[in-house]
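The values are calculated or read from the model by the stated rules, or taken from the named source; none is laboratory data. Because the structure is predicted, anything quoted here is derived from the model rather than measured. In this analysis, Cβ positions are derived from the backbone assuming ideal geometry, glycine residues included, and neighbour counts consider all displayed protein chains.
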Ligand SMILES: [Zn+2]
């Protein structure tokens with residue numbers, strides 16, 4: 001039996017595995033059932049001969065006794081020395097939201113699609129990598145090197161209790177792992193080389209509180225922020241739109257610098273829903289926005305920050321009482337694996353073989369766990385490749401196609417055959 005027919009014969013198992021994973025509602029936040037999903041996978045992989053470790057990210061961001069951040073790392077060793085191929089999937093899923101016509105944790109199979117929160121992002125990809133590894137091992141019992149499968153926490157909230165923690169513990173050191181594939185839903189014929197950079201910051205304008213009937217006695221922080229937003233429209237957004245990148249970012253709208261105003265708050269705090277009274281009359285003395293700036297390989301983060309500083313300074317020059325503060329919240333450098341890296345070339349050839357089509361190279365608009373593997377693990381030979389349609393992630397009625405998973409499992413198994421024979 002060839003490797004691809006071996007995979008096709010495991011279709012029922014693949015469906016069941018995907019459904020079982022969806023039926024464990026690993027919602028993040030707050031981080032539910034992480035231990036359950038790691039134990040479920042651990043039991044399965046031990047049966048196939050993997051050595052399984054459950055690792056709690058003790059003390060990491062969001063880890064607590066109530067919501068411990070559990071991760072699974074499973075390693076299968078071949079008969080001879082060789083390289084290690086690691087498949088990393090996150091096991092957490094985002095909130096359900098409204099608008100579902102199927103049960104979000106039911107794992108319903110209908111017309112070749114499996115439905116549920118996390119079906120495409122990314123329990124389908126996780127199940128696919130398990131089936132690919134098991135089929136490869138069954139067909140090549142004397143292979144060289146090692147295969148690792150990890151299921152990690154908190155990708156949806158930054159990955160600090162997941163891949164970042166494991167990378168700090170040495171799990172992604174290049175002397176232990178040589179090739180990393182992250183089966184995020186990027187479509188079965190695309191190879192994702194990396195992602196843009198991100199900088200989050202909070203900008204606060206300050207004023208002076210006074211009675212709302214005599215606003216001239218105070219200084220309105222919301223009006224100051226209005227001036228900031230105006231300046232942003234007039235100068236910053238056009239500047240960002242003019243910066244195009246050579247990175248193959250999809251969708252096309254993200255092939256430039258972007259900025260999102262994530263939130264705005266000014267004046268009195270929002271009251272709880274059970275408060276039935278009116279607001280009091282005050283001039284707001286504080287207004288805050290959070291900005292989410294995505295930047296390109298061609299940009300330097302110092303330059304990215306100084307553009308915003310320059311914009312604020314030009315507002316200040318025009319408004320005598322204008323005072324502001326700016327605070328960094330979070331930043332990640334852009335990353336992009338070389339197109340001729342071994343894992344890229346191998347997966348590219350496997351896509352051509354299985355799907356009979358040219359693989360497309362893409363870059364993700366947002367970051368994912370590759371950032372930690374690159375920055376903390378210092379491992380550059382890393383891509384995202386997996387089944388599922390990117391646009392369905394985080395949507396109601398999220399689904400993953402069974403045939404897409406079978407095809408992707410074929411690509412992954414051929415990749416193992418090429419790298420570990
Ligand atoms: Zn994901």
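If the condition is being in a loop (DSSP other than H, G, I, E, B) and buried (at least 19 other Cβ atoms within 10 Å of the Cβ), then the stretch 300-324 contributes only 322.
Residue 357 meets the conditions (1) without any contact (Cβ under 8 Å) to a residue 60 or more places away in the chain; (2) exposed (fewer than 12 other Cβ atoms within 10 Å of the Cβ) in every case but one. The failed one is (1). Taking the criterion of being buried (at least 21 other Cβ atoms within 10 Å of the Cβ) and more than 23 Å from the chain's Cα centre (by Cα), the residues of the stretch 1-23 that qualify are 7, 14. Scanning the stretch 118-126 for any residue that is away from the ligand (no atom under 16 Å from the Cβ), within 24 Å of residue 397 (Cβ to Cβ) and in contact (Cβ under 8 Å) with a residue 60 or more places away in the chain turns up nothing. Residue count for the stretch 254-292 satisfying the condition of being closer than 30 Å to residue 192 by Cα and touching a residue at least 12 places away in the same chain (Cβ under 8 Å): 12.
Please determine, by comparing only the residues of the stretch 105-117 that are in contact (Cβ under 8 Å) with a residue 60 or more places away in the chain and assigned to a loop (DSSP other than H, G, I, E, B), which one is farthest from residue 31 (Cα to Cα). Among those residues, the one meeting the criterion is 112. Out of 104, 81, one residue alone is out of contact with any strand residue (DSSP E or B) (no Cβ under 6 Å at 6 or more places or on another chain), buried (at least 18 other Cβ atoms within 10 Å of the Cβ) and at pLDDT 95 or above. It is 104. Cβ-Cβ contacts under 6 Å between residues 6 or more apart (or on different chains), taken from a first residue in the stretch 293-314 that is over 22 Å from residue 363 (Cβ atoms) to a second residue that is at pLDDT 95 or above, are listed as 311/231; 311/236; 312/324.
Looking only at residues that are under 13 Å from the mean Cα position of the chain (by Cα) and not in a helix (DSSP H, G or I) in the stretch 127-165, which one is farthest from the ligand (Cβ to nearest atom)? Talk me through it step by step, then tell me what you get.
To start, the set of residues in the stretch 127-165 that are under 13 Å from the mean Cα position of the chain (by Cα) comprises 152-160, 162-164.
Okay, now just the ones that are also not in a helix (DSSP H, G or I), so 152-154, 158-160, 162.
Details: 152: 11, 153: 12, 154: 11, 158: 12, 159: 10, 160: 15, 162: 11 Å.
Among residues in the stretch 127-165 that are under 13 Å from the mean Cα position of the chain (by Cα) and not in a helix (DSSP H, G or I), the one farthest from the ligand (Cβ to nearest atom) is 160.
Looking across the stretch 370-389 at every residue that is in a loop (DSSP other than H, G, I, E, B) and at pLDDT 95 or above, the one that is farthest from the chain's Cα centre (by Cα) is identified as 381. I want to confirm something. Restricting to the stretch 196-244 and keeping residues that are in a loop (DSSP other than H, G, I, E, B) and touching a residue at least 60 places away in the same chain (Cβ under 8 Å), which single residue is farthest from residue 263 (Cα to Cα)? So the residue we want is 213. Taking the criterion of being in a strand (DSSP E or B) and either more than 17 Å from residue 125 (Cβ to Cβ) or in contact with a helix residue (DSSP H, G or I) (Cβ under 7 Å, 6 or more places away or on another chain) (or both), the residues of the stretch 172-192 that qualify are 179, 180, 181, 182, 191.
For the stretch 53-95, what are the residues that are within 24 Å of residue 384 (Cβ to Cβ) and not in a strand (DSSP E or B)? So that I can check it myself, show each step before the final result.
Step one: of the stretch 53-95, the residues within 24 Å of residue 384 (Cβ to Cβ) are 53, 55, 57, 60-62, 69-76, 82-95.
Answer for the stretch 53-95, where residues must be within 24 Å of residue 384 (Cβ to Cβ) and not in a strand (DSSP E or B): 57, 60, 61, 62, 69, 91, 92, 94, 95.
Only residues that are part of a loop (DSSP other than H, G, I, E, B), surrounded by fewer than 15 Cβ atoms within 10 Å (Cβ to Cβ) and out of contact with any helix residue (DSSP H, G or I) (no Cβ under 9 Å at 6 or more places or on another chain) were counted across the stretch 24-52, and they come to 1.
Please verify whether residue 404 is within 16 Å of the ligand (Cβ to nearest atom) and more than 20 Å from the chain's Cα centre (by Cα), treating the condition exactly as stated.
Yes.
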